[in-house]
Amino acid sequence: MAIIANIFIDQGADFSVTVNVADVDGTTLDLAGYTAAAQMRKTYESSSISATFTTSISAADGQVTLSLTDTVTTALSPGRYVYDLVVTDGSSISTRVVEGQAIVTPGVTRS
């Protein structure tokens, strides 16, 4: 079962968050051989992707970092979205490890 964690993204700024991945007993999961994918959509039913996160895995630490560039966050309209992170092991078994709302807050400063 995925952990629910809401994230806040500042429109027009770089965004990054690190997720710690653990087994059901709380032990840090070694992510060697795993891949990760994460997306944002306006609703669960949306067919279009609002943003695709860049993912980076620190295998031994059991961590996945999700990132968006300032260019990507600038293109997002302020408001609520949904997101999730799925990791897939070498046997092609996929597990959703975190999900929740992604709230994009509008920016004031512009170049």
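The values are calculated or read from the model by the stated rules, or taken from the named source; none is laboratory data. Quick caveat, the model's predicted, so the values are computed rather than measured. Every residue, glycine as well, gets a Cβ built from its backbone with ideal geometry; the counts of neighbours run over all protein chains shown. Keep in mind that these areas ignore ligands, DNA and RNA; they rest on the heavy atoms of the full protein, side chains included. Shrake-Rupley method; radii C 1.70, N 1.55, O 1.52, S 1.80 Å.
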Legend entry - residue 87 closer than 16 Å to residue 20 by Cβ, part of a strand (DSSP E or B) and over 9 Å from the mean Cα position of the chain (by Cα): yes
Inset, instruction - Could you please give the count of residues in the stretch 49-71 that are touching a residue at least 40 places away in the same chain (Cβ under 8 Å) and touching a strand residue (DSSP E or B) at 6+ places or on another chain (Cβ under 6 Å)? - result: 7
Inset, instruction - Look through the stretch 58-80, keep the residues that are in a strand (DSSP E or B) and more than 17 Å from residue 16 (Cβ to Cβ), and return whichever of them is least open to solvent (accessible area, probe 1.4 Å). - result: 79
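Return the only residue of 55, 27 being out of contact with any helix residue (DSSP H, G or I) (no Cβ under 6 Å at 6 or more places or on another chain), surrounded by fewer than 18 Cβ atoms within 10 Å (Cβ to Cβ), modelled with pLDDT of 95 or more and among the hydroxyl-bearing types (Ser, Thr, Tyr).
55
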Inset, instruction - Show the residue pairs that are 6+ apart or on different chains and have beta-carbon atoms under 6 Å apart, the first residue being within the stretch 1-28 and farther than 17 Å from residue 55 by Cα, the second being open to solvent by 80 Å² or more (accessible area, probe 1.4 Å) and outside any strand (DSSP E or B). - result: 11/106; 12/74
